[in-house]
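To start, the structure itself, in C-alpha cells.
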Amino acid sequence: GQQVMQIPQYQHVQEGEDFTTYCNSSTTLSNIQWYKQRPGGHPVFLIQLVKSGEVKKQKRLTFQFGEAKKNSSLHITATQTTDVGTYFCAAYGGATNKLIFGTGTLLAVQP
Amino acid sequence: NAGVTQTPKFQVLKTGQSMTLQCAQDMNHEYMSWYRQDPGMGLRLIHYSVGAGITDQGEVPNGYNVSRSTTEDFPLRLLSAAPSQTSVYFCASSYSEVSSEQYFGPGTRLTVT
C-alpha cells in the first residue's frame, strides 16, 4: 500500500537556524496536509496543499508541494523555541484511501 | 465549543481486561476516526466512521471495536487488552472524509501490563 516517508526523523538546531522536513510518496498524491504536535500534546492542523507546485507561507513557515505531487516540504526560517515539536505530513491513500500519516520529524531547538 | 474530547486521559489495564475509550465532538462533524501513536511509527488509523450508524476498519483494526450511534460520539472498545496495545490513542473528527482538516482530541495514554 501507499506509504508516506518523512525525513529526517530527528533534527536538532540552534535557535535562529533554519529547518526543513521532507515528505515523499511513491504515488501521486491528491493533496497533502501538515500537522504539528507539541511534546505531550495532540496533532494540530497547519495547512493543506492541493495544487502541483503550490507554495504557501505562514509567517516563518513555508510549505511546498512538488510539481509531480509526490513530495512536499516544510521549511522554518529562523527557528524559535516555540517551534519545538513533531511535524507530520499526511496524505490520502493506502488500502483504505484514508489519511495516512508520515512518521514525523522531531524538531529540537536549543536556545 | 469544546471541540473533540476524550476520556480517560490515562489508563492502566491488565492483560485480558476490556475497556472503552470515549470520544465526543460538538462540531457536528460527520467523519470521525481513531488513531494510535507509537514511537517511530507516526499515527496509524484503527477505525473510522463517515456518519452515524456507519463504521469501517482502518490499517490496524484487530483487537478493537467501534460503534457510532450518534453524530457526536465514537467510542473505541478494547475487547481483551494485550501489551501490544500499549499506546497513545487519539480520536479525530472532520467535516468530511477527504480533503478536510482533522481536529484531534487530547489523547488517552494506555498502558497494558
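Filter segment B:1-14 down to the residues that are touching a residue at least 60 places away in the same chain (Cβ under 8 Å) and either within 14 Å of the chain's Cα centre (by Cα) or open to solvent by 50 Å² or more (accessible area, probe 1.4 Å) (or both) and list them by number.
Initially, segment B:1-14 is screened for residues touching a residue at least 60 places away in the same chain (Cβ under 8 Å), giving B:3-14.
Within segment B:1-14, B:VAL4, B:THR5, B:GLN6, B:THR7, B:PRO8, B:LYS9, B:PHE10, B:GLN11, B:VAL12, B:LYS14 qualify.
If a residue counts only when it is modelled with pLDDT under 95 and not acidic (Asp, Glu), which strands (runs of 3 or more DSSP E) contained entirely in segment A:49-111 have at least 3 such residues?
Details: elements: A:55-58, A:61-65, A:71-76, A:85-93, A:98-101, A:105-110.
Ranges flagged: A:85-93, A:98-101.
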- Mind checking which residues of segment B:76-91 are in a loop (DSSP other than H, G, I, E, B) and within 15 Å of B:GLY107 (Cβ to Cβ)? B:THR86
- Here are some residues: A:THR62, A:THR79, A:THR86. Which one is surrounded by 12 or more Cβ atoms within 10 Å (Cβ to Cβ), of a type outside the set (Gly, Ala, Ser), under 13 Å from the mean Cα position of the chain (by Cα) and more than 19 Å from A:THR103 (Cα to Cα)? A:THR62
- Task: Return yes or no: is B:LEU21 open to solvent by 50 Å² or more (accessible area, probe 1.4 Å), of a type in the set (A, V, I, L, M, F, W, C) and either modelled with pLDDT under 95 or in contact with a Pro (Cβ under 9 Å, 6 or more places away or on another chain) (or both)?
- Result: no
- Note on the structure: Given the conditions (1) out of contact with any Leu (no Cβ under 6 Å at 6 or more places or on another chain); (2) open to solvent by less than 50 Å² (accessible area, probe 1.4 Å), every one holds for A:GLN14 apart from (2)
- Name the pairs whose Cβ atoms lie under 9 Å apart, with the first residue in segment B:15-27 and over 11 Å from B:VAL112 (Cα atoms), the second assigned to a loop (DSSP other than H, G, I, E, B) and aromatic (Phe, Trp, Tyr), and 6 or more positions between them or separate chains? B:GLN22/B:PHE74; B:CYS23/B:PHE74; B:ALA24/B:PHE74; B:GLN25/B:PHE74; B:MET27/B:TYR95
- Task: Provide a single number: the residues in segment B:89-113 that are within 11 Å of chain A (Cβ to nearest Cβ) and open to solvent by 40 Å² or more (accessible area, probe 1.4 Å).
- Result: 7
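So which residues in segment B:74-88 are touching a residue at least 60 places away in the same chain (Cβ under 8 Å) and open to solvent by 10 Å² or more (accessible area, probe 1.4 Å), if there are any at all? Let's see the steps before the verdict.
Going residue by residue through segment B:74-88, those that are touching a residue at least 60 places away in the same chain (Cβ under 8 Å) are B:78-83.
Selection gives B:LEU79, B:SER80, B:ALA82, B:PRO83.
The values are calculated or read from the model by the stated rules, or taken from the named source; none is laboratory data. None of these values were measured; they are calculated from a predicted model. For neighbour counting, all protein chains shown are included, and Cβ atoms are generated from backbone atoms with ideal geometry for every residue, glycine included. When the accessible area is computed, the model is the full protein with side chains, heavy atoms only, and any ligands, DNA or RNA have been set aside. Shrake-Rupley method; radii C 1.70, N 1.55, O 1.52, S 1.80 Å.
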